[in-house]
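The values are calculated or read from the model by the stated rules, or taken from the named source; none is laboratory data. Nothing here was measured: the structure is a model prediction, and the numbers come from that model. Backbone-built Cβ (ideal geometry, glycine too); neighbour counts: all protein chains shown. With ligands, DNA and RNA removed, areas are computed over all heavy atoms of the protein, side chains included. Shrake-Rupley method; radii C 1.70, N 1.55, O 1.52, S 1.80 Å.
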Amino acid sequence: MPVWFGDWIKEQRVALGISQSELSDRTGKQIPQSTISMWEQRKNENPSAQNVKLLVESLGISMYNFPWEHVLFKNKNTETRCNQMTERFYLYELASASSLRTFEGKTYELKGAIGVEKESGDVRHITDLYYRTRSVISDKQLLAKRKHAHDELLRVNGIKKVK
């Protein structure tokens, strides 16, 4: 049965025997205790992908093991509750793409969790590239994109051909 993101956080936190403040400390205070409290009280159920990743890893859980299909989030565009996060494009899905383009205009060919920049041969791990990624391509089809670096990387509806 699905649970709300805030309920999931509290369940994980209590199982570890840590307070909201201690969880905030584990994120390097990048996620304040007050934000964690708001999530747990269901006052905010729409965290950014970056905050979900940081929080999940701070709880000692791999993003690959996060129960996406069982955790519900609030859609920021409506007041209805839905599993919005599954519509976003995440690190664990990047490895199935063939390449990505960054905001700096570089194209990285993806080889599993590693990206190799086409021109320089520069090698980067996907986690280093994720927040710099502008578009994700597979077999000359656009899979996901974002307009600005601070936006979420969203799956493209009706996959588009790339020239």
Of the criteria (1) over 15 Å from the mean Cα position of the chain (by Cα); (2) open to solvent by less than 30 Å² (accessible area, probe 1.4 Å); (3) more than 26 Å from residue 5 (Cβ to Cβ), which one residue 156 fails
(3)
On the basis of being over 21 Å from residue 48 (Cβ atoms), small (Gly, Ala, Ser), assigned to a loop (DSSP other than H, G, I, E, B) and in contact with a Leu (Cβ under 9 Å, 6 or more places away or on another chain), does residue 96 make the cut?
yes
Sort out which residues of the range 3-30 are among the hydroxyl-bearing types (Ser, Thr, Tyr) and under 16 Å from residue 50 (Cβ atoms), and write them in order of number.
24, 27
Flag if residue 93 is charged (D, E, K, R), over 21 Å from residue 39 (Cα atoms), at pLDDT 75 or above and open to solvent by 60 Å² or more (accessible area, probe 1.4 Å):
no
State yes or no: is residue 101 over 18 Å from residue 155 (Cα atoms), in a strand (DSSP E or B) and open to solvent by 40 Å² or more (accessible area, probe 1.4 Å)?
no
Please go through the range 115-124 and pick out each residue that is open to solvent by less than 60 Å² (accessible area, probe 1.4 Å) and either assigned to a strand (DSSP E or B) or under 18 Å from residue 156 (Cβ atoms) (or both).
115, 116, 117
Exactly one of 84, 50 is more than 24 Å from residue 139 (Cβ to Cβ) and either modelled with pLDDT of 80 or more or surrounded by 15 or more Cβ atoms within 10 Å (Cβ to Cβ) (or both), and that residue is 84
Could you list, in sequence order, the residues of the range 125-141 that are part of a strand (DSSP E or B), at pLDDT below 90 and of a type outside the set (S, T, N, Q)?
125
